[in-house]
Amino acid sequence: MEDIVEAMILVEDCTKAFVRDLTPEIRRLVRLHQERFDKCYDGNCRESNMAILREAYNDGCARRWYCSLKRAADSVVKQYLSIRKSKKELFDFDAGEIGDRGCEIDIETWRDDEVINWESEED
């Protein structure tokens, strides 16, 4: 049971990391164009996966919980990897030298860009 609780907390923490801190001005603009924003920024899938995961946890069905955990975690990892890929490609088509970008964005090459291997049995 302890491992299940820890897994739930890890997925919840990862999901929360995608919530943006928006200034009041940005929130106002988002609200004015909410429908367009929702089409471009799909957090609903992530939220829906988390709701299903919590429901499976509360039901106590281990198989349903595990499948829901995989779906929720894979969704978060997929979004994370998409963000990483975009960050790496940000300057791909800039003219000039690499050092002549006008700003510096750390693409964190040391980070792991792999999907979760659900077949692995790590301790």
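With a 1.4 Å probe and every protein chain left in place, work out the accessible area per residue of the range 1-56 in Å², rounded to a whole number. All intermediate terms of the calculation are to be shown ahead of the outcome.
On the way: 4410 Å² over 56 residues.
Counting only protein heavy atoms, the per-residue value for the range 1-56 is 79 Å².
Excluding residues on the same chain fewer than 8 positions from residue 78, give the aspartates and glutamates whose Cα lies under 12 Å from its Cα.
Qualifying aspartates and glutamates at Cα under 12 Å: 113, 114.
Once you keep just the Cα pairs under 8 angstrom separated by 6 or more residues, what percentage relative contact order results for the chain?
23
Extent of the chain along each principal axis, from alpha carbon coordinates, in Å, largest to smallest?
Dimensions of the chain along the principal axes of its Cα atoms: 56, 41, 20 Å.
Please determine, in degrees from 0 to 90 and to the nearest 10, the orientation of helix 2-16 with respect to the longest principal axis defined by the Cα atoms of the chain, where the helix direction is its Cα long axis.
Between helix and principal axis, roughly 30 degrees.
Counting only Cα, what are the radius of gyration and maximum Cα-Cα distance Dmax of the range 32-95, in Å?
Calculated on Cα positions, Rg and Dmax stand at 16.3, 56 Å.
May I ask you to derive the FRET efficiency for residue 67 and residue 1 from their Cβ-Cβ distance with R0 = 22 Å, giving the value to the nearest 0.05? Intermediate values should be presented prior to the final figure.
Details: r = 18 Å, r/R0 = 0.82.
Rounded to the nearest 0.05, the efficiency is 0.75.
Could you give the angle, 0 to 90 degrees to the nearest 10, between helix 62-89's Cα long axis and the longest principal axis of the Cα atoms of the chain?
Tilt of helix 62-89: around 10 degrees.
Rounded to the nearest 0.05, what FRET efficiency do residue 39 and residue 12 have when you use their Cβ-Cβ distance and R0 = 25 Å?
0.45
Just subtract the alpha-carbon distance of residue 82 and residue 23 from 0.36 nm times their residue separation and send over the number in nm, one decimal. Provide the component values of the computation, followed by the final result.
Working: separation 59, 0.36 × 59 = 21.24 nm, distance 2.42 nm.
Gain in length upon complete extension: 18.8 nm.
The values are calculated or read from the model by the stated rules, or taken from the named source; none is laboratory data. No experiment lies behind these values; they were computed from the predicted model shown. All Cβ positions, even for glycine, are placed from backbone atoms using ideal geometry, and neighbour counts span all protein chains on display. Just so you know, the surface numbers come from the protein's heavy atoms only, side chains and all, with ligands and any DNA or RNA stripped out. Shrake-Rupley method; radii C 1.70, N 1.55, O 1.52, S 1.80 Å.
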